[in-house]
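Below is one structure; the comments refer to it alone.
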Amino acid sequence: MNSKAQKLEAFSQLLDIMDDLREKCPWDKKQDLQSLRHLTLEEVYELSDALLQEDLPEIKKELGDVLLHLVFYAKIGSEKGSFDIADVINSLNEKLIFRHPHIYGDVEVKDGEEVKQNWEKLKLKEGNKSVLSGVSKGTPSMVKAFRIQEKVKGIGFEFHDAEDAWKKVDEELAEFHAETDLDKKEQELGDVFFSLINYARIVGINPDSALEKTNLKFISRFQKMEKLALEKNMILADLNLEEMDLLWEEAKRF
């Protein structure tokens, strides 16, 4: 692994490259905060895919792409006379020191859960008017629900145990099945999802990761099913459900 001096040298070179690109590259010169935003989201999702696969070479590559965007935003901030990369890092350092008084102060904690509870309380001291003020409006719904639940847990608003959380799932499912009005049924389905996410969180499962792994598994099996159909000179769209089920079961065995 690289020494600290080598890491600093590499980061310094990245800043120099960013300066060159911003001055000399026609594409990089015309980018602004808004034009980069959707590209940044794309890079973060690509990093997420690599993380789920635990593909370390790909994680390294995608981390580089995300880091480039962070440096790019800081460069634009400096051009506007608002902030530069040092301001970004110094602000982060100050926040981390303030929110870790058990490391940089005299506060004692017994476990990671108490650290998270202190974190949320300290955020309120920083001026946040609500425990939920840090939840981004643009966060995907499942991740947002998970973050909401994590944050309110930080001040003690939490089920006593997983059993109580599952009772809530059963309750919401019953209300969903009983509802006949479509608009109200939609609301009840949202409650079912929210309660399921809460249960998963309490038992230690990240629901977003669980669903994405299922998505990837389904894609893999379905594509295998398509391949099997081709090998058997079948047209998948012409098969009935029972015939497709047989192919699906065959694909699962792979």
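For the reader, a short list of remarks on this structure follows.
- Over segment 174-254, all Cα pairs binned in 10 Å intervals from 0 give whole-percent P(r) values of 16, 27, 22, 29, 6, listed from short to long.
- Tensor-based shape of segment 152-206 (alpha-carbon gyration tensor, a/c under 1.5 rounded, otherwise prolate or oblate): prolate
- The candidate values were [x] 14.5; [y] 22.2; [z] 17.6; the one computed from these coordinates for mean projected area of the Cα convex hull in nm² carries the label [y].
- Per residue, segment 165-250 exposes 70 Å² of accessible surface when a 1.4 Å probe is rolled over the protein heavy atoms with every protein chain present.
- The label point for Glu126 and the one for Gln13, both projected 7 Å from the Cα toward the Cβ, are 3.3 nm apart.
- Ranked by solvent-accessible area (1.4 Å probe, protein heavy atoms only, all chains present), the residues Thr214, Thr139 order from largest to smallest as Thr214, Thr139.
- Helix 141-153 vs. the chain, principal-axis angle (Cα, 0 to 90°, nearest 10): 70 degrees
- Using a cutoff of 8 angstrom between alpha carbon atoms and counting only pairs six or more residues apart, the relative contact order for segment 39-137 works out to 13 percent.
- Ligands, DNA and RNA aside, Ser136 has an accessible area near 60 Å² when probed at 1.4 Å.
- Sulfur and carbon atoms: percent of accessible area, segment 1-61 [1.4 Å]: 56 percent
- Bins of 10 Å from zero: percent of alpha-carbon pairs in segment 58-112: 21, 29, 28, 20, 2
- Sites listed here are trypsin sites (Lys or Arg not before Pro) in segment 31-86 whose DSSP assignment is loop and whose Cβ has at most 16 other Cβ atoms within 10 Å: Lys80.
- Per residue, the accessible area of segment 1-63 comes to 80 Å², computed with a 1.4 Å probe over protein heavy atoms only.
- In this structure, Thr139 and Asp106 have a Cβ-Cβ separation that, at R0 = 45 Å, corresponds to a calculated FRET efficiency of about 0.80.
- Helix 241-252 and the long axis of the chain differ in direction by around 50°, with both axes built from C-alpha atoms.
- Shape of segment 29-78, Cα gyration tensor, a/c cut at 1.5: prolate
- Reference-scaled alpha-carbon Rg (2.2 N^0.38 Å with N residues) for segment 28-168: 1.29
- When each of Lys95/Lys116; Lys137/Lys185; Lys168/Lys213; Lys153/Lys213; Lys61/Lys227; Lys137/Lys167 is checked by Cα-Cα distance, pairs over 22 Å: Lys137/Lys185; Lys168/Lys213; Lys153/Lys213; Lys61/Lys227; Lys137/Lys167
- Peptides 153-161, 140-148 ranked from most to least packed by the mean count of surrounding Cβ atoms within 10 Å: 140-148, 153-161.
- Axis of helix 85-98 versus longest Cα principal axis of the chain: the two differ by about 70°, to the nearest ten degrees.
- Anisotropy class of segment 108-254 from Cα gyration tensor, a/c 1.5 cut: prolate
- For the chain: relative contact order, % (alpha-carbon pairs under 8 angstrom, 6 or more apart): 10 percent
- Here segment 79-154 exposes an accessible surface that is 53 percent carbon and sulfur, computed with a 1.4 Å probe and the other protein chains kept in place.
The values are calculated or read from the model by the stated rules, or taken from the named source; none is laboratory data. All values reported here derive from a predicted model rather than from experimental measurement. When we count neighbours, we look across all protein chains shown, and the Cβ atoms used for this are built from the backbone with ideal geometry, even at glycine. These accessible areas exclude ligands, DNA and RNA; they are computed on the full protein's heavy atoms, side chains included. Shrake-Rupley method; radii C 1.70, N 1.55, O 1.52, S 1.80 Å.
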